[in-house]
Structure formats: C-alpha cells, structure tokens
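Notes to accompany the following structure.
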Amino acid sequence: MGKQRFLISGGQGKLAKYLQEELSKNNQFQFFAPTRSEMDVRSFDIIDKTIRIFRPHYFIHCAAKTRPMAQHEINPIDSILDNIIGTANVVNACISHKIKLIYTSTDYVYAGNLPISSSSTYDENSPLLPCNNYGWSKLGGECAVHMYKNSLILRLAMADYPWEHGDAFTNDKKNWIYDKDVSPIIVKLRDEIGIINIGSPPVSSYEFASKTEVVKPIQIEDVKNVTLCVNTSMNLERMKHGLIKR
Ligand SMILES: NC(=O)c1ccc[n+]([C@@H]2O[C@H](COP(=O)([O-])OP(=O)(O)OC[C@H]3O[C@@H](n4cnc5c(N)ncnc54)[C@H](OP(=O)(O)O)[C@@H]3O)[C@@H](O)[C@H]2O)c1
C-alpha cells in the first residue's frame, strides 16, 4: 500500500505545526503544510492547484482567523473571508477531487450558557447558537463542510501549550485540551466521518492552567471587549469510541 498523503492548510499555525510533528513519526505518512502565502484559502484556484500537484488523501483544514477573539467583532469581514468563504473554497476543492476533509471547529458553536453547577453537556446533535462572531465564523465554515459527506468536523476545546495567558478564569467550565495533545487524536480519528467533540473532562480554565503554570485567578466578567462562553461542557463519548477502535 502506498503512503497516505495529508495536505494541511495554515501550515504556520500552532496546531498545524504539532500535526506535522505527529505525522513525521510514521514513515507511511507524507504531508505538505503550505503557509498562508503559499496557499491562501481565500483563493479556490490556489487550493485546486495545490491539490493537483500534491494529490492528498486527506485535507486537514487548520487555516483560520483565530485570536484575539475580539478581532472578529471589530473586523468581521476578514473573519468571513478566512473562516467562512475560505472554508467553503476548501470544501468545494475537496468535493471536486474526492478528498477526505477534516475541519477543525470549536466548542464555541454551542451556546455555552449551561449553568456552572450543572452536569449537562452538549452532544454533537445539540442545537447550535454561538455567543460571539468567532463562533459564528466557525459555524459558517461547518455549514459548508456538513454538506460534504466525506468529511469530519472536530469541535475542539483547544488551548495553546503552554498556557499563554498569565491568568485564567475560575468561573467557567470547558473541556480544555492542549494543542500538542489534539494532534495525535486527529491522526487517529482521520477515517471517522460526521461530527466529534474533542477535549478532556470539563474543568475551569484556572483548574486546567494551574496543572502546569502559575496563573492569576480572574473572573470571566473581567473580559469586556467580547462575549465569552461560560460553560461549553461537551459529551465526549463519540471521541472515546473512535479512539478505542484505533
Ligand atoms: N486555539 C484554539 O483555542 C482553538 C480552539 C478550537 C478550534 N480552533 C481551530 O483550530 C484551528 C487551528 O488553530 P490554531 O490555534 O493552530 O490557530 P493559529 O495558530 O492562529 O493558526 C491558524 C493559521 O491559519 C492561517 N490563516 C489564516 N487565514 C488564512 C487564509 N486565508 N489562508 C491560509 N492560511 C490562513 C494563519 O496565518 P496568519 O497568522 O498569517 O493569519 C495561521 O498560520 C483553527 O481552525 C481554529 O479555528 C482553535
């Protein structure tokens, strides 16, 4: 059997770099992770040309406008171009070339307003209602991906490793997982289809960050320029089942 080829968009991004590290461990894998200047997903033609040259079996779509979250409120045009139109271009290219598409979405597509004391969780079929423009831009991308059946949408509750802020919320709840730990999960789940929530058991940001860093405790209300989700706790059964199979 020939090597499995992976095309990773947004190759200079943090998760994309961890994915390259992970894929390098297996000599049956080949990857190409073009930078934004090499493959801007705003251009269908560039994506199409890159696919024709590299001929990937999998397209892992990591390119996105991400942080700071407030920028999506200030300049929604760029969020729409990169995260919604860019993702639609990627989907159309994957459909044309019959390539498996893996899309890195977010827990921010859920409303994230579960009471902190509640043990309720969002599963992959729960209603979606993003609380801010970043969430809407990633959900906009999901809409296109969902229309292509040979796809996998991963809803990540991902943090950059190491914790990059000097502080963390004590009064939120989320399935935090570091980007370095997400990359092996993505590789293992590559042949799944549909939607899968990805994370660790839900805790506050402070509890999660304090495991590895010294951080200052703050409250979610201390952030003024963007609405943040309070509790996006997700059901992780699909992820666990997918990983057991591997
Ligand atoms: N980090 C999180 O907390 C988190 C949580 C859940 C989901 N996600 C998703 O996971 C994925 C990876 O996140 P990350 O933390 O690795 O983000 P990141 O470090 O910001 O990487 C994203 C990369 O995409 C590039 N990019 C932006 N627009 C592009 C375009 N039009 N064409 C090509 N490349 C473009 C960026 O380049 P420039 O820097 O030049 O713009 C950057 O290199 C994203 O889809 C993100 O939405 C992230």
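Residue by residue through the range 192-221, note down the ones that are under 20 Å from Asn125 (Cα atoms) and surrounded by fewer than 17 Cβ atoms within 10 Å (Cβ to Cβ). Ile193, Gly194, Ser200, Pro201, listed by residue number.
If only residues of the range 137-166 that are in a helix (DSSP H, G or I), touching a strand residue (DSSP E or B) at 6+ places or on another chain (Cβ under 7 Å) and more than 18 Å from Arg190 (Cα to Cα) are counted, the one that is farthest from the ligand (Cβ to nearest atom) is Gly141. Glu164 meets all of the listed conditions (1) among the acidic types (Asp, Glu); (2) at pLDDT below 95; (3) over 18 Å from Tyr108 (Cβ atoms) but one, namely (3). Scanning the range 8-22 for residues that are in contact (Cβ under 8 Å) with a residue 60 or more places away in the chain and within 17 Å of Arg190 (Cβ to Cβ) gives Ser9, Leu15, Tyr18, Leu19, Glu21, Glu22. Within the range 23-67, count every residue that is more than 9 Å from the ligand (Cβ to nearest atom), more than 29 Å from Met1 (Cα to Cα) and touching a residue at least 24 places away in the same chain (Cβ under 8 Å). Residues that pass the stated criteria total 1. Among the residues making up the range 44-60, those that are surrounded by 14 or more Cβ atoms within 10 Å (Cβ to Cβ) and more than 15 Å from Arg190 (Cβ to Cβ) are Phe44, Ile46, Ile47, Asp48, Thr50, Ile51, Phe54. Within the range 96-106, which residues are away from the ligand (no atom under 13 Å from the Cβ) and either touching a Cys at 6+ places or on another chain (Cβ under 9 Å) or more than 24 Å from Ile185 (Cα to Cα) (or both)? Once the filter is applied, which keeps residues that are away from the ligand (no atom under 13 Å from the Cβ) and either touching a Cys at 6+ places or on another chain (Cβ under 9 Å) or more than 24 Å from Ile185 (Cα to Cα) (or both), the range 96-106 yields Ser96, His97, Lys100.
Out of all the residues in the range 114-123, is one or more without any contact (Cβ under 8 Å) to a residue 40 or more places away in the chain and either of a type in the set (Phe, Trp, Tyr) or within 16 Å of the ligand (Cβ to nearest atom) (or both)? No, because not a single residue in the range 114-123 is without any contact (Cβ under 8 Å) to a residue 40 or more places away in the chain and either of a type in the set (Phe, Trp, Tyr) or within 16 Å of the ligand (Cβ to nearest atom) (or both).
Exactly one residue among Val109, Val90 is at pLDDT 95 or above, within 13 Å of the ligand (Cβ to nearest atom) and farther than 30 Å from Val230 by Cβ, and that residue is Val90.
The values are calculated or read from the model by the stated rules, or taken from the named source; none is laboratory data. The model shown is predicted, which means the values in this text are computed figures rather than measured ones. Here Cβ is always computed from backbone atoms with ideal geometry, including for glycine, and neighbour counts include all displayed protein chains.
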